[in-house]
Amino acid sequence: MNKRIYIILVLFQICSINSAFAETSVTVGFSPHGQAIDLVLQAIEAANQTIEVAAYNFTSPKIAFALAEAERRGVKVRILLDKKSNAHGHPSTDTVLAVHIPVRLNGHYAIMHDKYMIIDRSIVETGSFNYTASAEKRNAENALIIKGDKDLAGEYLNNWEKLWSEGESFQ
């Protein structure tokens, strides 16, 4: 009887470990063929609670409109941008400011060259893909979506919060 219970417990542990790994998924898309922008937009559209954005450059109308729409449907969106690349604003920045999305600029580094989003504290979008029309249409870029790894999302969120606290409100 004890041997049977032991075997059941071992099998339960193995299944638990496998299910923990099975919950994480990774998807990649490349540009300029539309895959990268599609992944980014799908991730934004799937958000239910929060989106934190860290971006070196932010000039993509499609991403700006998707973030504004997420805010309108009740998702808490916050955007952090590199100060030198975004200090003079852009219509994309105007789009998100119009729906009262907080935007901060970080100028504490030579450049804040990050390009990532944390969505609902469990999804990370990252890669070389700048949030620009050029990244979508002209550049060779990649976007990576990692779902279900809350530890990784937590590390990105901690980094994002540090950068956010160093920033200043966009004027």
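Quick note: the coordinates plus some simple rules give every number you see, no bench work behind them. Note that the structure is a prediction, hence the values are computed from the model and not measured. Methodologically, a virtual Cβ is constructed for each residue, glycine included, from the backbone with ideal geometry; neighbour enumeration extends over all protein chains shown.
Expressed to the nearest 5 percent, the antiparallel share of DSSP beta bridges inside the range 24-169 is 65 percent. Annotation: Cα Rg of the range 41-142 relative to the compact-globule expectation 2.2 N^0.38 Å equals 0.98. Each Cα pair under 8 Å and six or more residues apart adds its separation to the average, and for the range 24-169 the resulting relative contact order is 34 percent.
Comparing D94, D38, D120 in a Gaussian network model of the chain where C-alpha atoms under 10 Å apart are linked, the largest mean-square fluctuation is found at D94.
To the nearest 20 debye, what charge dipole does the range 83-157 have about its Cα centre, counting +1 at the Cβ of each Lys and Arg and -1 at the Cβ of each Asp and Glu?
In debye, rounded to 20, the range 83-157 gives about 240.
Using the Cβ of G127 as centre and a radius below 10 Å, the other residues enclosed give a net charge of -1, where K and R count +1 and D and E count -1. Altogether, the Stokes-Einstein calculation at 37 °C and 0.692 mPa s, with the Kirkwood radius of the chain over Cα pairs as Rh, returns a diffusion coefficient of 193 µm²/s. Think of it as helices only: each DSSP H run of n ≥ 4 in the chain is worth -39500 (n - 2.57), and spread over all residues that comes to -14000 deg cm²/dmol at 222 nm. Compute the signed sum of charges (Lys and Arg +1, Asp and Glu -1) over the other residues within less than 14 Å, Cβ to Cβ, of K137. Result for the local shell: -1.
Dividing the convex hull volume of the alpha carbon atoms of the range 119-170 by its residue count gives 100 Å³ per residue. The charge dipole of the chain, taken about its Cα centre with unit charges on the Cβ atoms of Lys, Arg (+1), Asp and Glu (-1) only, comes to about 280 debye.
Comparing N86, N139, N159 in a Gaussian network model of the chain where C-alpha atoms under 10 Å apart are linked, the largest mean-square fluctuation is found at N159.
In this structure, the pairs whose alpha-carbon distance is over 26 Å, taken from K83/K150; K76/K150; K76/K115; K76/K137; K83/K147, are K83/K150; K76/K137; K83/K147. Projecting the Cα atoms of S134, L144, W160 onto the charge dipole of the chain (Cβ charges, centred on the Cα centre) puts L144 farthest toward the positive pole. Each residue of the range 111-118 was assigned a 3J(HN,Hα) from its phi angle through the Karplus expression (A = 6.51, B = -1.76, C = 1.60, θ = phi - 60°), giving 8, 9, 8, 6, 8, 7, 10, 10 Hz with x at Gly and Pro.
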